[in-house]
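**Student:** This is the structure I have questions about; it appears just below.
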Amino acid sequence: MKMSKLDLSIIISLYNEEESLRELTAWITSALSQQNWTYEIIMVDDGSTDGSWDCICALKKEYPTLRGIRFRRNYGKSAALHTGFKAANGEVVVTMDADLQDSPEEIPQMYKMIQEEGWDIVSGWKQKRQDNKLTKNLPSKLYNWTARKITGIKLHDMNCGLKAYKKEVIKNIEVYGEMHRYIPYIAKNEGFNRITEKPVKHQKRKFGKSKFGLERFVNGFLDLLSLWFLSTFSKKPMHFFGFTGLLTFLVGIVCAAWIIVEKLAAQAQHLPYRAVTEQPGFFLALAALVIGILLFLAGLIGEMVSRNSSERNHYNIKEEL
């Protein structure tokens, strides 16, 4: 259902959070009660198996600003956010989790940072986390340090669920797989460079348990590498595969030539020598030659695919006169 333009959209992705939804909705409403803004709350039920959807339906009768979207099965947080972004009508869009660990009282200041200070993205920074230090805090610090080095974005908490976006940002990016962790990086690659952070309060989980385990840090790192590679080489695969293949091929050529020349020199001086095909280095050089050719061909195929892609000339235009 298409709605008129609003000042603010709050998107909440949730999975089996029945116990927290009523308190969260009341908390958001209270936090925004002093603001003269029009807003909507969009709850995206990511295939919950408890009574979350029934709770959303009941809340809709009490809170006209509430909207609900329900998936038939669990698709993941990225899918929920992508769907919420498509449905949002606010000039500023705020995302937050449904577990009551994000404080809605941070929203007014984050909204003003977007509207009055002109930031594209304001990311929450949980300076004092209320999680287990061994299983959450330490891995999180390592993960965020790695993300800063690879993306070049100086955020202390890239994965914080509490973020505010200018509407233009969320309408020009695509979130898929498990890339919700890197929305600031995705936005940066689309030309939205005004990214900052705001220290926010982090509450202890009140109900249930976290839906994410330690494996999210491993998956997150692999996703980060994938995103970096795609954003850097998706339109120019030959620059990576061709260069790497050419370098590997040259290493193979040099090694093979060295082995052959060494053997001929020893033969000319009547010194003991081993046949070229009996030397392990020859097979390593041969492997380098073959790998180099394969990498070069991979780059060539990638370049052909890229040139025939419907997105090859898709550019994000900021303004036009």
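**Student:** Hey, what number do you get for the chain at 222 nm if only DSSP H runs of n ≥ 4 count, each worth -39500 (n - 2.57), divided across all residues, to the nearest 500? Could the numbers behind the result be given before it?
**Tutor:** Values: 10 runs with 149 residues, N = 321.
Calculated from helices alone, the mean residue ellipticity at 222 nm is -15000 deg cm²/dmol.
**Student:** Rank-order 74-82, 241-249, 141-149 by packing density, defined as the average count of other C-beta atoms within 10 Å over each peptide's residues, highest first.
**Tutor:** 74-82, 241-249, 141-149
**Student:** Which of rounded, prolate, oblate describes region 1-160, given a ≥ b ≥ c as roots of the alpha-carbon gyration tensor eigenvalues and a/c under 1.5 marking rounded, otherwise prolate only if a/b is larger than b/c?
**Tutor:** The shape class here is oblate.
**Student:** In region 29-161, if the dipole is taken from +1 on Lys/Arg beta carbons and -1 on Asp/Glu beta carbons about the Cα centre, which of 147, 64, 53 is farthest to the positive end?
**Tutor:** Going by the charge dipole, the pick is 147.
**Student:** Suppose we take every Cα in region 99-188 and form the convex hull; what volume per residue is that in Å³?
**Tutor:** Given the Cα convex hull of region 99-188, per-residue volume reads 116 Å³.
**Student:** P(r) of the chain in 10 Å steps, Cα pairs, percent per bin?
**Tutor:** 5, 21, 27, 18, 11, 8, 5, 3, 1, 0
**Student:** Next question. For residue 293 and residue 33 in one chain, what is 0.36 nm times their gap in residues minus the Cα-Cα distance, to one decimal in nm?
**Tutor:** 87.1 nm
**Student:** Okay, next question. I'd like the Karplus ³J(HN,Hα) series for region 175-189: coefficients 6.51, -1.76, 1.60, θ = phi - 60°, whole numbers in Hz, and an x wherever there's a Gly or Pro.
**Tutor:** Values per residue, Gly and Pro as x: 10, 8, x, 10, 7, 4, 5, 10, 4, x, 5, 4, 5, 4, 5 Hz.
**Student:** Also: Which of the peptides 97-110, 272-285, 29-42 is most tightly packed, and how do the rest follow, going by the mean number of other Cβ atoms within 10 Å of each residue?
**Tutor:** With the highest mean Cβ count within 10 Å placed first, the list reads 97-110, 29-42, 272-285.
**Student:** Something else now. Sequence gap at least 6, Cα distance under 8 Å: using those rules, report the relative contact order of the chain to the nearest whole percent. Write out the running numbers ahead of the final one.
**Tutor:** Details: 496 pairs, mean separation 53.6, N = 321.
Taking the mean separation of contacting Cα pairs over the length of the chain, I get 17 percent.
**Student:** Also: For the chain, what is the accessible area per residue in Å² when the probe is 1.4 Å?
**Tutor:** Values: 18030 Å² over 321 residues.
It amounts to 56 Å² per residue over the chain.
**Student:** Okay, moving on. Expected output is a single nm value to one decimal: the length gained when fully extending between residue 284 and residue 105, i.e. 0.36 nm times separation in residues minus the C-alpha distance. What is it?
**Tutor:** 58.2 nm
**Student:** Pull up all non-local amide H partners of residue 198: gap of 5 or more, or a different chain, and H-to-H distance under 5 Å with H placed in the peptide plane.
**Tutor:** 123, 124, 125
**Student:** Find the centroid of the Cα atoms in region 267-293 and in region 135-208, then give the distance between the two in whole Å.
**Tutor:** Taking the Cα centre of region 135-208 as reference, the centre of region 267-293 is 51 Å away.
**Student:** Which helices of the chain meet both criteria: a Cα extent of 18 Å or more along the helical axis and a mean Kyte-Doolittle score no lower than -0.5, with helices taken as whole DSSP H segments?
**Tutor:** 18-31, 215-233, 237-268, 280-307
**Student:** Let me ask you something else. What is the distance, in nm, between label points placed 7 Å from the Cα along the Cα-to-Cβ direction at residue 219 and at residue 60?
**Tutor:** 2.9
**Student:** May I pose another question? Using a cut-off of 11 Å between beta-carbons, work out the net charge of the residues near residue 242 (Lys and Arg +1, Asp and Glu -1, residue 242 not included).
**Tutor:** Values: positive: 236; negative: 303.
With Lys, Arg at +1 and Asp, Glu at -1, the neighbours total 0.
**Student:** Show me 152-162, 289-299 ranked by packing, highest mean number of other Cβ atoms within 10 Å first.
**Tutor:** So the peptides 152-162, 289-299, ranked by packing, come out 152-162, 289-299.
**Student:** Placing +1 at every Lys and Arg Cβ and -1 at every Asp and Glu Cβ, with all other atoms neutral, what dipole size does the chain have around its Cα centre, in debye to the nearest 20?
**Tutor:** 360
The values are calculated or read from the model by the stated rules, or taken from the named source; none is laboratory data. Computed from a predicted model, the values in this text were never measured in an experiment. Note that each Cβ is placed from the backbone with ideal geometry, even for glycine, and that neighbours are counted across all protein chains shown. Each accessible area value is taken on the protein alone, full model and side chains, heavy atoms only, with ligands, DNA and RNA left out. Shrake-Rupley method; radii C 1.70, N 1.55, O 1.52, S 1.80 Å.
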